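Notes for the one structure printed next.
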Amino acid sequence: MIKGIKAFVSRIIGLFALIVMAWWFYGGRIALVDTQEVSKSFSRFISLEGADEYVVARLAGNEDFTIEKYRHVFGFPVGDTHVKLSLVANYRYFVKLAELRHTIENDSIYIHVPKLYLSTPVAFEFSTVRESWHQFLFGPDGKALIDQLKQDVSKKLEAKGRSQISVVYDKAAKALADNFDRYFNANGLGGHYRNILVIFDQEISQSKRQFIYSDGACGKERCSLELDLGKGLILSIK
């Protein structure tokens, strides 16, 4: 038993002596390096809800946000700082299906859209984010101004997205009309109308955007005879 303990102690002393000699020989350049890398990802659901968001238009834009701030001492300028934050934003506009109303008049379908919504928060591509600043003399801290821009970017993108809704109406109306036309055709209702008109109730200068999808009850082909018998009945002879 005693011999075993002595042998164990001898090994420990020998190993320690080896480490000391190696450290002395290599000039203290020995280091214990841990090359293990552990990557973990966790997900936790906060909420899960149903939604009524029917996206009818997407708009991508290069956005630049800037701040210019000056520093004064006793009323005299002693420096200034200019900061800039650039990114690519993806604006999405949607309607709520539950709010849509449609009427049928003669050979036309009228779709009334109470409101066109902006999906928030506005998404942007992190890989496109660029930040820069220029500080002159004793201007304010550029890093602090950049951090301020980052905190405000969500509100700024939302305001920008709402301000450009007027340029989205045409594309949204066409997408809505095309999708309804495909829906009607898939359910055997194609050919019972000629036009689909889309009206946005919240648009300041309201207009009826009309899209033609057929030449009448015969579908894409013209009829030799077509009579409207009333009550949604149409007599057609090709």
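Derivation of every value follows stated rules applied to the coordinates shown; laboratory data play no part. The structure presented is a predicted model; accordingly, all values stated were derived computationally and were not measured. Here the Cβ positions follow ideal geometry from the backbone for every residue, glycine too, while neighbour counts run over all protein chains shown.
Treating r as the C-beta distance of Asp170 and Phe126 and R0 as 35 Å, the FRET efficiency rounds to 0.70.
Other residues within the sphere of radius under 15 Å centred on the Cβ of Thr81, judged by their own Cβ, net out at -1 (K and R +1, D and E -1). Counted residue by residue at 0.36 nm each, then reduced by the alpha carbon distance between them, the extension gain from Gln206 to Arg58 reaches 51.1 nm.
Pairs of Cα atoms nearer than 8 Å and 6+ residues apart set the relative contact order; for segment 54-237 it is 21 percent. Legend: calculated FRET efficiency, Ile46 to Lys143, from the Cβ-Cβ distance at R0 = 41 Å, rounded to 0.05, equals 0.85.
Using the C-alpha gyration tensor of segment 54-237, what are the square roots of 5 times its eigenvalues, in whole angstrom, with the largest one first?
So the equivalent ellipsoid measures 54, 14, 12 Å along its semi-axes.
Let me check I've understood the local charge: for Lys115, count other residues with C-beta under 9 angstrom from its C-beta, Lys and Arg +1, Asp and Glu -1. What total comes out? Around Lys115, the surrounding residues sum to -1.
Within segment 52-87, list the residues whose amide N lies under 14 Å from a label point set 7 Å along Cα→Cβ of Leu100. Counting only backbone N, you get 52-57.
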